[in-house]
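Heads up: the structure comes next, in structure tokens.
The values are calculated or read from the model by the stated rules, or taken from the named source; none is laboratory data. Here the structure is a predicted model, which means the values were calculated and not measured. We place every Cβ from the backbone using ideal geometry, glycine too, and count neighbours over all the protein chains shown.
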Ligand SMILES: Nc1ncnc2c1ncn2[C@@H]1O[C@H](COP(=O)(O)OP(=O)(O)OP(=O)(O)O)[C@@H](O)[C@H]1O
Ligand SMILES: [Mg+2]
């Protein structure tokens, strides 16, 4: 016997006010400690100038290091997501394959990534990629003055051409890392398709490729879009670790700003807020899209 | 009653031929020395208690399950391993499942056109014509633009039949096509199957609908514990020319 689902309350009660009060008191105490006991000299505008500042010569506001950093973070997340999704799709399919060798390869990949700390993983792959692979494919010495390279489109997609191979290495590292998690999402998506769908597709004589393309992937993708969107947001946050291999994204530049201004608190609070705004906006956007998709499906 | 008389001859009229087929799930033997041949135009009803291997046997025909012993020929080709040959065989064999297994992300029309488009390089409009023809035949053409979840069970099963027919198969396999249906929908599906039989379609049907068997079948196969225990003409089977176990099984299902 199931009762009606419990209604989530929308009105605030006295209990809620007590909760708010407690949280407020803790925050107030923390502020008091910092301002009174720490005797810290706050200077927000100094750091804020590194987000955006007023250029007297050009007579307009210009984005500064931290905004450029967040642009690089976004670029990284964009490319890493594309690579990671490709890796995840292939590896995720291999995870469910009948072929033992394929299953073993993809399993090894996933376990390797999951059981090595991200920082260590990134270091290993970065030095392999930048030391071996990049020179091999000649990414280091491409024409930095070509028409496409000096165009705005290139800058928008990849950032500063001088840092291109560095950027690619960073995106690949991130992708290899996140790809393992997408692999597991894809595997779960494929395995959630009932056996009857495979059988019905085979029974009409579809080739193994057509079975995947027409029946399994379309249904799996619908199921895994929400977790994939979540993984994208995780990827934005995780991208902070590539600051350790000198990719000039938000966290890397924040370290520089913090050390030149010596305003450590302000810098990291502002950077934290920037990450929050970015990630929360994406979360809200995806949530909205998901609701709309649900409604569209009757 | 033994099944030795069912040894298949190398005969172009024989569409399905099982010869000494054995099948194991790990240690458990689900099929034991199956010999059966189904001729062009034959209508074979397969019955037997739950777990006796009916589904396993019928699914070996298009290799949704692989057998490990003996040979199976379908339309003169041996079914085994080779993917390309298997796809060929599967296009000659239509299959209808207990749980319909329509593709939920495709419209009814797309469900039916998928096979013809992918397998015989038809254009979309040619495939649509074929699909509508078969949807007409199962009297559901007016629902062509809906999605499977919007249809009743009986309607979904009729779409599944149309999907199988659109491949223009030479044999149709049915695995308990009505046992997931509400009672009032069973007949609409059986009617379609009866019509199909009247048109001369070769059919292999796993079912407990003895009324249907009596009316449509020309042969009844009774299975028990992975073996074919009976394989005889319909009249013989219903007139009492059956063994003890078949007798016991029949009286059980005829009671309700
Ligand atoms: N995938 C599988 N793995 C292991 N055992 C299986 C599998 N499929 C079927 N079996 C076993 O094989 C035997 C035959 O199963 P099968 O589904 O062919 O029986 P059935 O005659 O169709 O029964 P029902 O009337 O319940 O559909 C059963 O004992 C079943 O437990
Ligand atoms: Mg069964």
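Filter the stretch A:201-223 down to the residues that are surrounded by 22 or more Cβ atoms within 10 Å (Cβ to Cβ), within 22 Å of residue B:161 (Cβ to Cβ) and in contact (Cβ under 8 Å) with a residue 12 or more places away in the chain, then identify the one that is nearest to the other protein chains (Cβ to nearest Cβ). Can you show your working first?
We begin by selecting, within the stretch A:201-223, every residue surrounded by 22 or more Cβ atoms within 10 Å (Cβ to Cβ); these are A:201, A:203-206, A:215, A:220.
Next cut, within 22 Å of residue B:161 (Cβ to Cβ) only: A:201, A:203-206, A:215.
Pick out the ones that are also in contact (Cβ under 8 Å) with a residue 12 or more places away in the chain and you get A:201, A:215.
Working: A:201: 8, A:215: 6 Å.
Once the filter is applied, the top-ranked residue is A:215.
Any residue at all in the stretch B:123-133 that's within 11 Å of chain A (Cβ to nearest Cβ) and not in a strand (DSSP E or B)?
no
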Report task. Could you tell me which residue of the stretch B:171-195 is farthest from residue B:39 (Cα to Cα), considering only residues that are within 14 Å of chain A (Cβ to nearest Cβ) and within 16 Å of ligand 2 (Cβ to nearest atom)? Result -> B:180
Query raised in the report: Say we look at the stretch B:33-62 and pick out the residues that are more than 14 Å from ligand 1 (Cβ to nearest atom) and over 18 Å from residue B:12 (Cβ atoms); which of these is modelled with the lowest pLDDT?
Result: B:62
Report summary line: Within the stretch B:94-116, residues being more than 7 Å from chain A (Cβ to nearest Cβ) and closer than 17 Å to residue A:208 by Cα number 1
Query raised in the report: Filter the stretch B:199-211 for residues that are more than 16 Å from ligand 1 (Cβ to nearest atom) and not in a strand (DSSP E or B); which is farthest from residue B:47 (Cα to Cα)?
Result: B:199
Report summary line: With criteria (1) free of Cβ contacts under 8 Å to residues at least 60 places away in the same chain; (2) more than 9 Å from chain A (Cβ to nearest Cβ); (3) more than 16 Å from ligand 1 (Cβ to nearest atom), residue B:74 comes up short on (1)
Query - Selection status of residue A:257, surrounded by fewer than 18 Cβ atoms within 10 Å (Cβ to Cβ), over 13 Å from the mean Cα position of the chain (by Cα) and either within 14 Å of chain B (Cβ to nearest Cβ) or part of a helix (DSSP H, G or I) (or both) - result: no
Query raised in the report: Which one of B:222, B:174 is in contact (Cβ under 8 Å) with a residue 40 or more places away in the chain and under 14 Å from the mean Cα position of the chain (by Cα)?
Result: B:174
Query raised in the report: Could you list, in sequence order, the residues of the stretch A:173-188 that are surrounded by fewer than 24 Cβ atoms within 10 Å (Cβ to Cβ) and over 13 Å from the mean Cα position of the chain (by Cα)?
Result: A:180, A:184, A:185, A:187, A:188
Report task. Kindly check whether there is at least one residue in the stretch B:151-170 that is touching a helix residue (DSSP H, G or I) at 6+ places or on another chain (Cβ under 8 Å), surrounded by fewer than 16 Cβ atoms within 10 Å (Cβ to Cβ) and either away from chain A (no Cβ under 14 Å) or assigned to a strand (DSSP E or B) (or both). Result -> yes
Query - Within the stretch B:1-104, strands (runs of 3 or more DSSP E) holding 2 or more residues that are buried (at least 18 other Cβ atoms within 10 Å of the Cβ) and within 16 Å of ligand 2 (Cβ to nearest atom) - result: B:28-39, B:43-47, B:93-96
Requested in this report: Residue by residue through the stretch A:95-122, note down the ones that are touching a helix residue (DSSP H, G or I) at 6+ places or on another chain (Cβ under 7 Å) and under 29 Å from residue A:247 (Cβ atoms).
Outcome: A:105, A:106, A:109, A:110, A:113, A:114, A:118, A:119, A:121, A:122
